[in-house]
Structures are given as C-alpha cells and as structure tokens.
Amino acid sequence: MASIGRVLLNIFLITFAFHGKNDSATQDGGACGRYLVANSGSFASPNFPHQYPSNAQCTWYIRVGINQRIMLNFTELHMEVSPRCSHDYIIIYDGPSINSALIATTCTGSNNIFVSSSSSMTVYFRSDSNETRRGFSAYYYSLPSHHSEGASCGGYLVDDSGSFASPNYPQQYPINSQCTWYIRVGINQRIKLNITDLQMVTGASCKFNHVEIYNGPSMNSALIAKICSESERIFISSSNSMTVHFTTDFSLSNQGFSANYNSMSHGATCGGYLVGHSETFASPNYPHQYPNNAQCAWYIRVDSNQCIRLDITEIQLEFAPNCKYDYVSIYDGPSTNSTLIATICSGSNLIFTSSSNSMTVHFRSDNMGTNHGFTAYYRSLPMHTRLQKRHYLEDNY
C-alpha cells in the first residue's frame, strides 16, 4: 500500500507540474536528449510546443532506483505520420541503450504508456529532412519491480498475466472505495480479463457499487462494461492496455470480486472489438475444431446512423436440444445484457439485423464434444433500410 501511495503521489506531483507551470519551466525546451536519473521527470522534443527541426536525432537515457521499473507516458504526440512511422518517429528501448530490446516504435496517438522490465529505459527521437510538427511531450516515474496485489486498492499490473481483487477479498470490501487497476502487456498483445467471482451490492444500472472495464490506458478510454452482478465475465481489449475501476458507496458492502488476466496475440480469434463497416470473424481454429471451454464475445460497432446485418454463413457446433451445450448467442446492443435476438448451434446462411449501431455475438463451448465451429460476416446498413423493411412487412400483414 505504501509503495502504491508513493506512485500515486508521484503522478499527482508530475500532473501538477504539467498543468500548473509553463512548459519551458518543466520540460527540456530546446534540449535534444540527455540523462534523466531522478525517480520521475519530464522531457519533450526540441522546441516543443513549437515545431521540432528537421534532421533531429535525440536520445534520452532514463535511470531510476535499482529495484524499480519505469512507466513512460506520452501526453502529446504530433509528428509527421507515415506508414510504419518511416519518416519521423520515436523508438523506446527496454534497457540502458539503443542496443537494448525494442519496446515500441511510435509516431502517433495520445496517452501512450510503456513500461520497462528493469530500472533503465532509452528513448530515441528522429526526424527526417521533410515535414515537421509540434512534436511530443512525455513524463516518466518509477514503479516498484514487484508489489503486493492482495489487499491493495488498485495499482499497475505490467506482467503478461496476473490476478487482483477488491480490497479485503474474500472478506467484505470497505465502503467509499475508489480503486483503479491499470493493466499493460506487450506492445503487440491484447488483454483477456476474466472476472472469476463477483458478489456486490446491486442496484438499478449498477449505480452504487460496480466494476467498470475500459478498453485502453485510462478511464477516458471507451467503456467495455459496467457490472455489479452475474453477467458476461470475460472481456478482451483491442490493444495492450486495459483499465479496471472499482467503486463502492457509503452504505452496504459485500464480498467483492476477484479477477485474473493474461495477454493474447492480436491474431487470436476469440472475441474482440469490430468497428469497421464490414468484417469477417469465426470461432477459434475455424475450420478446424474449436477448443473446449471457450468463451468469446465479439462487440460490433458501426456509425451512429447505421444498423448491422449479421450473416452466419456456416455453423456446426455440438448439437443439443435448445443448444444447451455449445452455442452462439446474438444480442441486439452493446453487451450480453442487451436484448437477445437468437441462440443458435446449427444451420447456414442465417441472417440477423440489429435495431441500432451495436451488436454483440457470444460464443460458448462446454467441456465435452466440439465441432468445426462457425464463420460469420457483418456489414453496416443505413438505418432507414431496416425501417423500410419493417414498414413493408406491417403494410402487407
């Protein structure tokens, strides 16, 4: 708890420095790289917030305490954007030099967060001879290499897998709690979060006590779910970061929750967020047999004035009456708490249409027989297409 408190104090002090003072007083200004050896600090591209020069090459060498790790946050990043960041870019290395392991190469985005595996990190900035932009600003602070997760109220989870729980779990959580866990895994990974137990005081819309899961590095990221009772328990991020926020009010309490997470490859096909106008997805390993005990949810989102047409082109699951063993459930909305459209386990060329711009598809297999699985395709349609179809049916009924 004490180490987490120090981390939060560092965040507060750095945030105050960023917002309470002029940039030139807190950042490098025109400096082009240097050694940063304090437990926290900030730096920026040359001339920030004005345009950085062409043909710049700058290296920052960050060092913290021997038993610490480094969390680096790019608060602003405005650079010439190019395929694979081939023109102007920043490279972050996991160690004391540019010969260390590569963490990431970036040239765009906001609130990008990277974590080292040791007490050193190297940041290299390069611009070419063409266009320039405002550049970047960044701050860093140290994290304990290992910290207790048992009774802690929030913290940073930066290993490829881990577990955490509400304060005092499995005893009753305290009232008036606010805890936030920031999960980060490898740069080319996603996060699979499993809520293994959830016993909270419930209320309408989970207003009083709840767990919120965000698809990104902070509570400003897109909300995946807000839960307080039995519901969908597996959630998958679309990037290498996820934020989990736990809130309780001043009245009753309960046992709380426990959770674990693990990293998964971006190529994995077990659920995720689908936000394009059209896309194809399938059960894990399709057209080969899917695994037992699979739980996958695809969250489909299109533009606000569109609806979704889902085509299940083929589905071959373990068959049972009422599809009670292995099944695909389709929900008319953003989560598995939305209205159920259908539950299916066999058939072909099945078509389902949403009433809004969101749809959720949930696939589950039990611990016994498997089959080939399913493949599906969706595309967005103008909302008036659905309305015209409904009016036609009503007029001809």
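Values as computed for the structure displayed
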| quantity | calculated |
| --- | --- |
| Index of the failed condition, Ile224 passing every other in (1) part of a strand (DSSP E or B); (2) at pLDDT below 80; (3) more than 30 Å from Ile113 (Cα to Cα) | (3) |
| Residues of the range 58-95 classified as assigned to a loop (DSSP other than H, G, I, E, B), touching a strand residue (DSSP E or B) at 6+ places or on another chain (Cβ under 9 Å) and farther than 20 Å from Arg133 by Cα, total | 4 |
| The range 195-221, subset at pLDDT below 85 and more than 20 Å from Ser239 (Cβ to Cβ), residue surrounded by the fewest Cβ atoms within 10 Å (Cβ to Cβ) | Ala204 |
| Matching residues, the range 96-140, being out of contact with any Gly (no Cβ under 7 Å at 6 or more places or on another chain), surrounded by fewer than 15 Cβ atoms within 10 Å (Cβ to Cβ) and not in a loop (DSSP other than H, G, I, E, B) | Leu102, Thr105 |
| Residue in the range 333-341 that is at pLDDT below 90, β-branched (Val, Ile, Thr) and within 20 Å of Ile224 (Cβ to Cβ) present | yes |
| Residue selected from the range 194-221 under the condition in a strand (DSSP E or B) and among the hydroxyl-bearing types (Ser, Thr, Tyr), by the criterion farthest from Val361 (Cα to Cα) | Thr196 |
| Strands (runs of 3 or more DSSP E) contained in the range 292-386 and holding at least 2 residues of a type in the set (Val, Ile, Thr) and touching a strand residue (DSSP E or B) at 6+ places or on another chain (Cβ under 9 Å) | 306-316, 327-332, 339-344, 346-353, 358-364 |
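Yes/no per residue for (1) in contact with a Lys or Arg (Cβ under 9 Å, 6 or more places away or on another chain); (2) in the same structural domain as Asn112 (by TED's automatic domain parsing); (3) of a type in the set (Gly, Ala, Ser):
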{"position": "Arg190", "(1), (2), (3)": "no, no, no"}
{"position": "Ile195", "(1), (2), (3)": "yes, no, no"}
{"position": "Thr202", "(1), (2), (3)": "no, no, no"}
{"position": "Ser241", "(1), (2), (3)": "yes, no, yes"}
{"position": "Phe250", "(1), (2), (3)": "no, no, no"}
{"position": "Ser253", "(1), (2), (3)": "no, no, yes"}
{"position": "Phe257", "(1), (2), (3)": "no, no, no"}
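The values are calculated or read from the model by the stated rules, or taken from the named source; none is laboratory data. On a predicted model such as this, the values are computed, not experimentally measured, just so you know. Don't worry about glycine lacking a Cβ; one is built from the backbone with ideal geometry, like all the others, and counts go over all protein chains shown.
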